[in-house]
2 protein chains.
Amino acid sequence: MSLDALRTQAAALAARVVAGETRSIARALRNVDDRVPGYLELLKALFPSTGKAWVVGITGNPGAGKSTLTDRLIEALRADGKTVGVLAVDPSSPYTGGAILGDRIRMTRHANDAGVFIRSVATRGHLGGLSRSARDMVRVLDAAGFDVVLVETVGVGQDELEITRTAHSTLVVMPPGLGDEVQAIKAGLLETADVFAVNKADRDGADAAVRDLELMIALGSEALVASGKRRGHVVHGGVKVDALPEAPGSTPELWTPPIHKCVALRGEGIREVVSALEKHHAWVTSTEAGRERRRGRLVEEVREALRETLIDAATVALAKELDETVSAVEARALDPYTATEQLLERFRASG
Amino acid sequence: MSLDALRTQAAALAARVVAGETRSIARALRNVDDRVPGYLELLKALFPSTGKAWVVGITGNPGAGKSTLTDRLIEALRADGKTVGVLAVDPSSPYTGGAILGDRIRMTRHANDAGVFIRSVATRGHLGGLSRSARDMVRVLDAAGFDVVLVETVGVGQDELEITRTAHSTLVVMPPGLGDEVQAIKAGLLETADVFAVNKADRDGADAAVRDLELMIALGSEALVASGKRRGHVVHGGVKVDALPEAPGSTPELWTPPIHKCVALRGEGIREVVSALEKHHAWVTSTEAGRERRRGRLVEEVREALRETLIDAATVALAKELDETVSAVEARALDPYTATEQLLERFRASG
């Protein structure tokens, strides 16, 4: 198909997505996820209609009860009259295309609610990373007019933490009692978290988990300052977020990640989590520090996209040279450092 | 300093490294790790002296007893008259530069043995990733003439699995009883493992761990075939590696990752692990499939280095354009996909 034909087709699909047609949204998501020819034209056509949705990332260890909490958040947001798009991302799953089991169950539960759209992405190994794919799919849901887009990840691996960077506000869900795994990646989790929820708070160890989080936040305060946050003011139970805007004009520049206990299974503490997330949203959209963070993430996105585009273009332009170079390095006739410099020069000269 | 002066200095340091001077080796590692000006010239000067060492990666969950097993491997290799360089990598540690505690203890133990050199790398967040830094540091130890270079990682995160890809042979150390964490990343671990060691095999759960591994290998056989391996022939205890070269001429093409039980603390089963690793080394160096794998990793390295070099060069060449582009995307006057294509064109035109 010619580029013009792809563009025409993409524009037509984009119009149906913006009109909120469910089947077109599903198709657009599939096209973007699978990167079928024309997907970039589709994203270009959708982009002017994006920027309205509030994107909320939900991450945390397996077993923390993220799915149940996500369900409760959907309910609470729907009760407020907001429409909700959900992207459930599983970078470690070998499944492709279709919905995973938990997703099917949830889809069934919300099947009669046109204000909820749930889609799971289980593919991995995309060129350019799953985070790019997730960001593009979030844009589809954004353009489709959902007020809130929830991006839920299965675990807390590097891929998953990167995915949460596509969100405005990220909720980190913790089980009562933190394992070694959390300790090992605490730096990444702390940088990611805008709100902490200690779920299953009716179980033993919930207070210990809160204390562990307090300690981690205290230890990680340096990292938090570096990322535009600061040491958290800890809240047990109700929303008492220190130094947040009480009234316009008293806007503080730094966000304090609060910690909330909840029991998603029984629907306890959900409203407090939603309120904390909403306050964070207000921070992101109304303060200079929040705007800087959003701009920083856009810079990251453009740099990341450029990085992938450059290597793709270079791989095409230098196919023969790359092969010869590797042979020369293999024979130790050329070192890989000089080789890389030479390839760069050749690529720029080929432009 | 001029490039010529940097080159002269690098050549002098390289010569001292190749001569095996301990303080120069330490200095070269520091320069490479910190990427001090001239480090690339140093690596270029060292490269012709590399390619002789056998690089062994050691990875596995925290608590698997990797450090103790590494110590035993050092002892066994020294008993065989081989010199050993050790790089202990901790991507999650905030420490920089100096040695971590366990490393200091080990250094003390081997302090009087000139045939052992241990260095820990605890920095993170390097541009281009820790795996690039680790590979470069391995080259320093290789050029310094160590017969074997052991690269030990602290955990089994994505960074750490990537680091093991710089090795010829990778040992995955498992504790008795596998947790959820292992299950979650089993695909990565299976692709990485050339030899499995179930350590602390005197404890309950060692046989269960072996069975879990068998199951994981069976489930992951498809992935293994894709990466040039195949379903493992499982060995409990002694080295019985099915389908390995018994005599020249009967070389099989596929490597079967064996599973060995050991008790590193008491020095039991160590010789079998070393033998399995040595057989793998023979496979990597003497078979066509092994050579293909080495070439594949070299292709990866050159592509990865080119990727970083391209984005670095583009960031310098397009500093002003990048800023303008982000502002235009922020204002939604330009979509990030078209923006990236425009930046690519401008970069190539600027060459």
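Rule-based calculations on the coordinates, nothing more; no lab input. On a predicted model such as this, the values are computed, not experimentally measured, just so you know. For neighbour counting, all protein chains shown are included, and Cβ atoms are generated from backbone atoms with ideal geometry for every residue, glycine included.
Could you size up the charge dipole of region A:305-349 around its Cα centre, putting +1 on the beta carbon of Lys and Arg and -1 on that of Asp and Glu, and report it in debye to the nearest 20? In debye, rounded to 20, region A:305-349 gives about 100.
Listed cross-link partners B:K66/B:K279; A:K82/A:K279; B:K44/B:K279 are compared with a 24 Å cut-off, the Cα-Cα value being larger for B:K44/B:K279. Taking only the C-alpha atoms of region A:305-349, the Rg (one decimal) and the largest Cα-Cα distance, Dmax (whole number), read 10.8, 34 Å. For B:W54, nonlocal amide neighbours, meaning residues 5 or more places apart or on other chains whose placed amide H falls under 5 Å from its own, are B:V148, B:V149.
Packing order of peptides B:7-16, A:81-90, highest average first: A:81-90, B:7-16 (average count of other Cβ atoms within 10 Å over each peptide's residues).
Shortest first, B:D207 label-point distances to identical copies amount to 4.4 nm, with the label point at 7 Å from Cα along Cα→Cβ.
Counting Cα-Cα pairs of region A:1-48 in 10 Å increments starting at 0 gives whole-percent bin shares of 31, 60, 9.
Peptide A:60-72 is shielded by partner chain Cβ atoms: per residue, an average of 1 of them sit within 10 Å of its Cβ. Per-residue shielding of A:323-336, expressed as the average number of other chain Cβ atoms within 10 Å of the residue Cβ, stands at 4. Copy-to-copy label distances for B:R266, where each label lies 7 Å from Cα along Cα-to-Cβ, are 4.9 nm in order of increasing length.
Kindly give the distances from B:R30 to its copy-mates, label point to label point, with each label point 7 Å from Cα along Cα→Cβ, as nm values to one decimal ordered shortest first. The answer, with the shortest distance listed first, is 6.0 nm. Projected onto their three principal axes, the Cα atoms of region B:259-351 cover extents of 66, 32, 20 Å, largest first.
Karplus-derived 3J(HN,Hα) values for region A:258-263, using 6.51 cos²θ - 1.76 cosθ + 1.60 with θ = phi - 60°, are x, 10, 10, 8, 8, 10 Hz; glycine and proline are entered as x.
In this structure, the amide hydrogen of B:T170, modeled 1.01 Å from its nitrogen in the peptide plane, lies closer than 5 angstrom to those of B:G57, B:D194, B:V195, counting only residues at least 5 positions away or on a different chain. Scanning residues 5 or more positions from B:V116 or on other chains, those with amide H under 5 Å from its amide H are B:V84, with H placed 1.01 Å from N in the peptide plane. The mean number of partner chain beta-carbon atoms within 10 angstrom of a residue's beta-carbon across peptide B:38-44 is 3.
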